[in-house]
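Read the structure below first, then the notes.
FYI, it's all coordinate maths here, none of it is from the lab. The structure presented is a predicted model; accordingly, all values stated were derived computationally and were not measured. Neighbour counts are summed over all protein chains in view; Cβ atoms, including those assigned to glycine, are modelled from backbone coordinates with ideal geometry.
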């Protein structure tokens, strides 16, 4: 088994301290500032903590709402654009983190880039396969109308998903 590097130990300790402060209900920004200064974190490491580490209270609330099983007979609500971006990032071999609230996240930002275009179709097919595997009785696709081409992506996704397979709505 590989021993953790000094970097791993450092980020682990920073995450531990950050979560401790959040659990004690210190403000997010102040907690992040303290931990960033204490461990001289890079902007990427700071963002990693911000996106992936939460208070015990928050994690407990989120975990009550999350379950991982087939959804036969249940409605599935999909934050389409965020899932699409994370899936594209994964296909590009970008970093994806399983956060302490059991939600996978990336640190790349919320915009599709020109170089992402060749991965979009494959990402949509992967997302569609996961949804079909879960077998929800209905699907709500949430997409941001303020994002360029968002509606076009959703229409293409619905086409990939197959109209006959599932009922859907676009909001």
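May I ask you to verify whether residue 93 is more than 11 Å from the chain's Cα centre (by Cα), over 19 Å from residue 65 (Cβ atoms) and assigned to a helix (DSSP H, G or I)?
Values: more than 11 Å from the chain's Cα centre (by Cα): yes; over 19 Å from residue 65 (Cβ atoms): yes; assigned to a helix (DSSP H, G or I): no.
No, not satisfied.
Suppose the filter is touching a residue at least 40 places away in the same chain (Cβ under 8 Å), surrounded by 11 or more Cβ atoms within 10 Å (Cβ to Cβ) and closer than 28 Å to residue 159 by Cβ; does residue 76 pass it?
Numbers: touching a residue at least 40 places away in the same chain (Cβ under 8 Å): yes; surrounded by 11 or more Cβ atoms within 10 Å (Cβ to Cβ): yes; closer than 28 Å to residue 159 by Cβ: yes.
Spelling it out, residue 76 is indeed touching a residue at least 40 places away in the same chain (Cβ under 8 Å), surrounded by 11 or more Cβ atoms within 10 Å (Cβ to Cβ) and closer than 28 Å to residue 159 by Cβ.
What about residue 41, is it over 29 Å from residue 149 (Cα atoms), assigned to a helix (DSSP H, G or I) and without any contact (Cβ under 8 Å) to a residue 40 or more places away in the chain? Before the answer, list the steps.
Details: over 29 Å from residue 149 (Cα atoms): yes; assigned to a helix (DSSP H, G or I): no; without any contact (Cβ under 8 Å) to a residue 40 or more places away in the chain: yes.
Judged against the criteria, residue 41 is not a match.
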